[in-house]
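Colleague: Pasting a structure below so you can have a look.
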């Protein structure tokens, strides 16, 4: 999941398109990467930052709810267990262990209402964009938003590769 080189071509193209659209709404690649670097300064994870707002020189990201450590631990475990996944269509509820599945489902219920708003400090640079943690939530299938994962769990290098990607013919 966080190794761009291991993704299949369709996934690389999709991530590139999604990230490019986001970057275009906030003033460009450098502004976006600057925000990612500002977010990385908040340890152990910016999701736990009680201020629920992080600013870089050009952009601001804010969200409507602090994520507590117990939910973050489950989310990190899900992301880590799918790090080598080649593709974005995996279901985070697919698990052999019923107890683990219940914990994941409870985490999804707690985090689903969170919305992230990324805006430019200068309105002339773009209107910004919103994102959620989960791309889709259905009865027995929950998929993570790839932009969320890239911003909060993958390295800045991952985003750079995704944005520079040129499809093979």
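Derivation of every value follows stated rules applied to the coordinates shown; laboratory data play no part. The model shown is predicted, which means the values in this text are computed figures rather than measured ones. FYI the Cβ positions are ideal-geometry reconstructions off the backbone, even for glycines, and counts take in every protein chain you see.
Colleague: How far is it, in nm, from the label point at residue 24 to the one at residue 124 when both lie 7 Å from their Cα along the line to the Cβ?
Modeller: 2.2
Colleague: Can you put 158, 165 in order of Cβ neighbours within 10 angstrom, beginning with the fewest? Before the final figure, lay out the partial values.
Modeller: Numbers: 158 22, 165 18.
With the sparsest Cβ surroundings first, the list reads 165, 158.
Colleague: Hey, if you drop one equal point scatterer on each alpha-carbon of the stretch 4-156 and run the Debye formula without solvent, what base-10 log of I(q)/I(0) do you get at q = 0.10, 0.13, 0.15 Å⁻¹?
Modeller: -0.36, -0.61, -0.81
Colleague: To continue, here is another question. Starting with the fewest neighbours, write out 101, 56, 136 ranked by other beta-carbon atoms found within 10 Å of each beta-carbon.
Modeller: On the way: 101 15, 56 18, 136 12.
Lowest count first: 136, 101, 56.
Colleague: Hey, for a label at residue 37 modelled as a point 7 Å past Cα toward Cβ, could you say which residues of the stretch 131-169 have their backbone N under 20 Å away?
Modeller: Within reach of a label on residue 37: 150-165.
Colleague: Which length gain, in nm to one decimal place, applies between residue 5 and residue 80 when the Cα-Cα distance is subtracted from 0.36 nm times their residue separation? Provide the component values of the computation, followed by the final result.
Modeller: Working: separation 75, 0.36 × 75 = 27.00 nm, distance 1.67 nm.
Full extension from residue 5 to residue 80 adds 25.3 nm.
Colleague: Any chance you could check the Cα centroid distance between the stretch 90-169 and the stretch 45-66 for me, in angstrom?
Modeller: Result: 15 Å between the Cα centres.
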